[in-house]
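Engineer: This is the structure I want to talk about, given as structure tokens.
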Amino acid sequence: MSIKNYQNVQIGVDYYPEQWDESLWETDIKLMQETGVKIVRVA
């Protein structure tokens, strides 16, 4: 299987900050941005 028009692929994630040490939050956000995450649901 291949994605012919990959520019239109949306990537989203669920992120539960209470499950991670606060010292990781900034790095996590940067990694999401760098990898093209468009939507983050925070609970």
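Engineer: Restricting the first residue to region 22-43 and requiring it to be among the small types (Gly, Ala, Ser), which pairs with a second residue that is not in a strand (DSSP E or B) meet a Cβ separation below 7 Å and a spacing of at least six or different chains?
Structural biologist: As it stands, the answer is GLY36/ILE11; ALA43/TYR16, since those pairs meet every condition given.
Engineer: Moving to a separate point now. Tell me which residues, restricted to region 14-43, are assigned to a loop (DSSP other than H, G, I, E, B), surrounded by 10 or more Cβ atoms within 10 Å (Cβ to Cβ) and modelled with pLDDT of 90 or more.
Structural biologist: Selection gives TRP20 alone.
The values are calculated or read from the model by the stated rules, or taken from the named source; none is laboratory data. Every value quoted in this text rests on a predicted model; they were computed, and no experiment measured them. Note that we place each Cβ from the backbone using ideal geometry, even for glycine, and neighbour counts take in every protein chain shown.
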